[in-house]
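Here's the structure, in structure tokens; my notes come after.
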Amino acid sequence: MSLNRAQESFTFEIGSVEAFERQLERVQESNNLSDAQKAPIVYKTSSNFLGNLLAAAIPPLIIMFGFSYIVGKAAKAAKNGPGGLFNVGKSKAQLFNTQTDVKVMFKDVAGADEAKEEIMEFVKFLKDPKRYEKLGAKIPKGAILSGPPGTGKTLLAKATAGEAGVPFFYQSGSDFVEMFVGVGSSRVRDLFASAKKAAPCIIFIDEIDAIGKARGKGMSSNDERESTLNQLLVEMDGFKTNEHIVVLAGTNRRDTLDPALLRPGRFDRNITIDRPDIKGRARIFMVHLRPIQLATTVVAETLAKRLATLTPGFSGADIANVCNEAALIAARDPTANTVNLKNFEGAIERVIAGMEKKSRVLSPEEKKIVAYHEAGHAVAGWYLEHADPLLKVSIIPRGSTALGYAQYMPKDQFLLTMEQMSDRMCMALGGRVIEELFFPSISTGAADDLKKVTRMAYAQIVTYGWDKKLGHMHYGSPEEVSGEGRFLKPFSESTSQLIDERARQIVQSAYKRTMDLLAPKREQIEKVAQLLLSREVMNKEDMVELLGPRQWAEKATYDEIVAGTHRKGDGEDKGWDLEKPEPKPNAEETTEKSQEKVGEKADVSNDSKTQL
């Protein structure tokens, strides 16, 4: 503010106009100045035109340049490679060069011989398509590889690409799903456009159920997923037969796929890859034992057969995990230079039951209950004909909940008789019976055993039709009858009450049978339990020393288990030396074998198939 009086000018800063005016008024009044003598206050507004212009123009300029920079970076990213704002509709499929990236061959895939034979057609077609086209044959456009997790579906697809020597496009089903509308369909079109340029080639879509589920069922309808599926249907049925593109897809849930996806002309083949049997497991172990440093005295074939008998129900991924865990256990020992059988047995126990929790402290009372509980299972199985052979009993806690652990050697069995299931129920109830015999009160340790027994009881009634009162009827699975799906039961309330009553009677009958079996054997149970309390771990040899040999013969070795399982024309087990290719037969041998197969086909065709 400037004050001009008698040609004198004073300049000073004020903090607030209102405060300045009040202070000035107070000073003038204190000096008793008249109105004519009071200093007048005049406000003048001045502005800087250039400064105001810059202040108004700079923010929009910053926004404009920032947007231009972002758009330029996005355009550059779209031009140079995948990703970016303008590349969101491009396929995310990974292209593997079979000469450098895909090193997997069929010799690296074991335990899936039937699947390899079925998929070999695709390999032969991609290697020599003119031979098939000359005869007027059309190769199936696609195949679904279905089966439980870890059975080698992706590995088999990679081996197919490696054997065929063609480009291999890999993409997960979830890569087609995005929050933007139309992105999934665009990526499907781009994937097949890229495949047509690289033909002959293989497209493998892993976990195709992410986009291939049946359309319009229930409340889970999704327009974007359905449009992606529609585009996939069009692309698969749209390309010509001479484009030499084979589409493979993997899934664990084939039953949820849309029927239009499975019809001939799209995914013609359904190649089921199940968990391997004992022969398949032995061959898989041979594959994964290659990099393992074994002792010079250990024969890999013998070890593989031994491990195959200890791992019923294991998938290929489980077997690979066992071999890796065995090597890790051996590496923890600073004096070990090789991996031995004990390391493999420890790895199998860890995969099945979890890691040992030696740090978990149990009170003497709890430890005693666990020892007698596990002794009840072991002794009950020892005197039951159809119980699985015992390998080891331990009262060292494992995993998060298991306080005791009993390892058996179950065989690969696809059918169960009533006697076999009854023995399994009695063995499962052995721990609860022992607690009732030796302790004044019953603990909660048998919760998992009771769950298994209940499921087996309901399965006998509602699934297998073994109950005489309810007859030979199928009422669903035990989960549908006694679980969350109970409101979907396809029977009346009176039938439901009868099912519950009969299941309760079956469990009570099995409990009484177990009590009658173990009550006279208190002395033997006491010996087993005391040995467990002192050693914490006991094996089959200890059981034989305490109770004597079992009354029934056991099939505990590989040769005993596979004896009599060879089908006509299979011959002996082969394939242990997986690096050697099989010799090609001459023309005369081929003719003779083909005649034999023609003669055998008539006999096989009359066989009945049984499936549970």
Checklist outcome for this item: Per residue, the convex hull enclosing the Cα atoms of segment 364-558 spans a volume in Å³ of 142
Next on the checklist: Over 20 Å between Cα atoms: which of LYS367/LYS392; LYS116/LYS153; LYS279/LYS452; LYS103/LYS305 fall into that group?
Outcome noted: LYS279/LYS452; LYS103/LYS305
Checklist outcome for this item: Heads up, segment 222-325 by the C-alpha gyration tensor (a ≥ b ≥ c square roots of eigenvalues; a/c under 1.5 rounded, else a/b over b/c prolate, else oblate) looks prolate
Checklist entry - At what distance in nm do the modelled label points of ALA137 and GLN508 sit from each other, each positioned 7 Å from its Cα along Cα→Cβ? => result 6.5
Checklist entry - At a Förster radius of 56 Å, what calculated FRET efficiency corresponds to the Cβ-Cβ distance of VAL544 and SER492, to the nearest 0.05? => result 0.60
Checklist entry - Which order do LEU233, LEU415, LEU437, LEU532 fall in if you start with the one that has the fewest other Cβ atoms within 10 Å? => result LEU415, LEU437, LEU233, LEU532
Checklist entry - Taking other Cβ within 10 Å of each residue's Cβ, how do ILE499, ILE139 sort, fewest first? => result ILE139, ILE499
Item to check | Relative packing of peptides 369-376, 164-171 - highest average C-beta neighbours within 10 Å first | outcome: 369-376, 164-171
Checklist entry - In nm, to one decimal, how far is the SER363 label point from the ARG522 one, both placed 7 Å along Cα→Cβ? => result 2.5
Item to check | Selection of trypsin sites (Lys or Arg not before Pro), segment 398-468, meeting DSSP coil and at most 11 other Cβ within 10 Å | outcome: LYS468
Checklist entry - Once fully extended, how much extra length lies between ALA19 and ALA55, figured as 0.36 nm per residue of separation less the alpha-carbon to alpha-carbon distance? => result 10.0 nm
Next on the checklist: If I take R0 = 56 Å and measure r between the Cβ atoms of THR444 and ARG26 in this structure, what FRET efficiency does the formula 1/(1 + (r/R0)^6) give, to the nearest 0.05?
Outcome noted: 0.05
Checklist outcome for this item: Counting sequence-distant residues (5 or more places) and residues on other chains, those with an amide H built under 5 Å from that of ILE203 are PHE169, VAL246, VAL247, LEU248
Next on the checklist: Charges at C-beta only: +1 for Lys and Arg, -1 for Asp and Glu. How large is the resulting dipole of segment 364-558 about its Cα centre, in Debye rounded to 20?
Outcome noted: 160
Checklist entry - Sorted from fewest to most neighbouring beta carbons within 10 Å, what does the list HIS244, HIS386 look like? => result HIS386, HIS244
Item to check | FRET efficiency for LEU437 and ASN252, using Cβ-Cβ distance with R0 set to 56 Å, rounded to 0.05 | outcome: 0.80
Checklist entry - What is the spread of the Cα atoms of segment 278-352 along each of their three principal axes, largest first, in whole Å? => result 33, 24, 17
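Each reported figure results from applying straightforward, stated rules to the coordinates on display, with no laboratory input. From a predicted model like this one, the values you see are computed outputs, not experimental measurements. Reconstructed Cβ throughout: ideal geometry from the backbone, glycine too, with neighbour counts over all protein chains shown.
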